[in-house]
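Input: a single structure, listed below in structure tokens.
The values are calculated or read from the model by the stated rules, or taken from the named source; none is laboratory data. Predicted, not measured: the structure shown is a model, and the values here were computed from it. Cβ placement follows ideal geometry from the backbone for every residue including glycine, while neighbour counts extend to all protein chains displayed. Accessible surface is based on the protein model in full, side chains and every heavy atom, while ligands, DNA and RNA are left aside. Shrake-Rupley method; radii C 1.70, N 1.55, O 1.52, S 1.80 Å.
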Amino acid sequence: MTTEELRNSILSAPKNGYTRLTDEQRSEMEAYALRYRAFMDACKTEREATAWATEMAEKHGFVPAVPGMEVKPGDKIYMNNRGKSFLIAVIGKESLAQGANICAAHVDSPRMDVKPQPLYEDSEIAYFKTHYYGGIKKYQWTCVPLAIHGVVCKKDGTSVTVTIGEDENDPIVMVSDLLIHLAADQMKKGASEVIAGEQLNVILGTEPIQGEGADLVKLNVMKLLNEKYGIVEDDFRSAELTIVPAGKCREVGLDRSLLGAYGHDDRVCAYAELEPIFNLEMPTHTAVCILADKEEIGSVGISGMQSQAFEYFMEILCDGQGVKLSHCFANSFCLSADVSNAYDPNFPETCDRRNNSALNYGISICKYTGSRGKGGASDASAEAMLHVRKTFEDNGVMWQIATLGKVDQGGGGTVAAYMANRNIVTVDAGVPVLNMHAPMELVSKLDCYMTMLGCKAIYLA
Ligand code: MN
Ligand code: MN
């Protein structure tokens, strides 16, 4: 055996995915990217993603989960959890006692939420007060075009959906930053203090209404909202309005190999696991897809992955087959589909290059997340890693390894730990992202496409 043959037979040699992509895969990848972009343009919040998924599920013949329902192989069932999270299943040939193949992603993304008493006027400028949601570099959210998305529940019991800033004829809103000319003191501050949380105030208008009295600009803004949505100031107290970057998912780079959008984390994995389940017909094991909320603030709350809403859905399926939920969980597998950090040569000192995911190498499998000695990670077993590795390789899914940054640099978490706590074997895997949690994040089309193929392979495993 030559040295070269020996090298090829026992050493791993990762190659850029483009060197391995067939012409057919390339055109499928481009078509997939178009469909993903349409999803991203329609869904910027967990509510919008849940509504979109519900509508698509019904179009594909899925029916709502109802306690006591009969559950047979091939049945297609979903649950819209209070408009904020979404669960969907295709029942397999095998009993649910043999477990389910689950893909879990989240559809909430970092942003600025409008406070319950948000509207005020200062120096004849009207603003919304906000409280940021999830981990953001606050300075990144100034001076960029922003939109208002959400729902307002009115006293008469009706509710109204708000979207301002996405149509090209809409106005946008914005948070201001200090001009460089007067920023001598600001520029000396640490980046986390350059813009304070209470400075994330969103400019809504400057024109005073004609008349006498105080706050004529605020009154004018409220009048505009009242005319368009029929809401009054008190209604903000029963509302969920959120400020997100305005604009669409765009191709990035002269070769168009990247996609830039707000909230790839984690709708890029949510879409990758959602699309294939719509067209599944009678898999061996029951396939389950979860679009969770609240991951960015700890998977808490009734729509977060720690919520019993997941048990409620799975119990309806199990009851329909006379199976104990705990038996189903014990035999289930979950791919916690969430993004990783793509290696960024601008910041090499933050990563272990040998264990970091890279753009265009495919879906990245992450054995453990966490921080300071894997704290908070579910840390998948060798056996679980092999299951995913083998499933991907047997199905031609390009994959790579991910760890989140170098040891002791920082860290993060996903829903994986909460799935593993339920006695479900769980592994993290997802799309590598550049500038995660920024108003515009970057992913590669190739990695998006491979992640979709990976989720599909898990459902069929
Ligand atoms: Mn995420
Ligand atoms: Mn995140």
Where trypsin sites (Lys or Arg not before Pro) fall in DSSP loop in region 376-461, at most 16 other Cβ within 10 Å: K406
Shape category assigned to region 234-275 from the gyration tensor of Cα positions, a/c cut at 1.5: oblate
Pairs from K374/K456; K367/K406; K115/K138; K84/K294; K248/K445 whose Cα-Cα separation, in the structure shown, is over 19 Å: K374/K456
Other-chain or far-sequence residues with amide H under 5 Å of A342's (modelled H): V433, L434
Size of charge dipole - the chain - debye, nearest 20, with Cβ of Lys, Arg +1 and Asp, Glu -1, no other charges: 960 debye
Simple label model, 7 Å out from Cα along Cβ direction - H131 to H60, nm: 3.6 nm
Region 48-118, accessible surface, carbon-and-sulfur percent (1.4 angstrom probe): 53 percent
Candidates per GluC sites (Glu not before Pro) in region 191-234, loop by DSSP, up to 15 other Cβ within 10 Å: E212
Distance (nanometres) between label positions extended 7 Å along Cα→Cβ at K154 and I180: 4.7 nm
Fraction of beta bridges assigned by DSSP in the chain that are antiparallel (%, nearest 5): 70 percent
Filtered trypsin sites (Lys or Arg not before Pro), region 90-155: DSSP coil and at most 15 other beta carbons within 10 Å: K93, K137, K155
Tensor-based shape of region 231-332 (alpha-carbon gyration tensor, a/c under 1.5 rounded, otherwise prolate or oblate): oblate
Amide proton proximity set for R111, modelled H, under 5 Å, gap of 5+: Y133
Per residue accessible area of region 111-245, 1.4 Å probe, in Å²: 57 Å²
Accessible surface, 1.4 Å probe, highest first, among residues I365, I164: I164, I365
Surrounding net charge for R250, when Lys and Arg each add one and Asp and Glu each subtract one, Cβ distance under 13 Å: +1
Counted charge near L200, where neighbours are those whose Cβ lies closer than 12 Å (Asp, Glu -1; Lys, Arg +1): +2
Cα gyration tensor category, rounded, prolate or oblate, for the chain with a/c compared to 1.5: oblate
